[in-house]
Amino acid sequence: EIQTIVLRELRAANFSRTLIVAWTLRAMALARGATISRVPLFQCDSFAVRRYGGNPAAVVLFSGRSDWPADTVLQAIANENNLSETAYVLEDKDQGIWRLRWFTPDGSEVDLCGHATLAAAHVAFTKIPSMVHTTYQYILHTNTYH
């Protein structure tokens, strides 16, 4: 019943078929008791001189956490993005550091990715005002870079 109401409202508002399907699936999931979590996700083109050029990477910001979501969640997000890499930035407020991880849509975590690191830095510096005037530290697996 809820999906019928949502579908009727979206059609009346003249939304695209893709958006109607997405909202219908969301309504059905919520009706079954699922929870929908939201995290900031950005697509950024590194090495680009124009829009839709360069090397794209997705960037997901996790702030206010002290630990990562499950690897299966990070992998699912990377699969959904279907870009060469998805960079995850975790603001570890307990230790005052930023952590980085990268996943590919083929099911693997990579040790380091240059263009996704640049994309993550760009997103962090433009979307998190406190990053601009602070010293930062990125933790990459077993190595620390300043």
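Read-outs: derived from the displayed coordinates by stated rules, not from any lab. Every value quoted in this text rests on a predicted model; they were computed, and no experiment measured them. All Cβ positions, even for glycine, are placed from backbone atoms using ideal geometry, and neighbour counts span all protein chains on display.
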The answer for Cys113, listing residues at least 5 apart or on another chain whose modeled amide H is closer than 5 Å to its amide H, is none
Sort the following peptides by mean Cβ neighbour count (other Cβ atoms within 10 Å, averaged over residues), highest first: 119-129, 60-70. 119-129, 60-70
Whose amide H sits under 5 Å from the amide H of Ala48, counting only residues 5 or more places off or on another chain, with H placed in the peptide plane? Asn55
Expected vector for the stretch 111-119, Karplus 3J(HN,Hα) from phi with 6.51, -1.76, 1.60 and θ = phi - 60°, integer Hz, x for Gly and Pro, equals 6, 7, 9, x, 5, 6, 5, 4, 4
When ranked by the protection proxy of mean other Cβ atoms within 10 Å per residue, highest first, what sequence do the peptides 88-101, 41-54 form? 88-101, 41-54
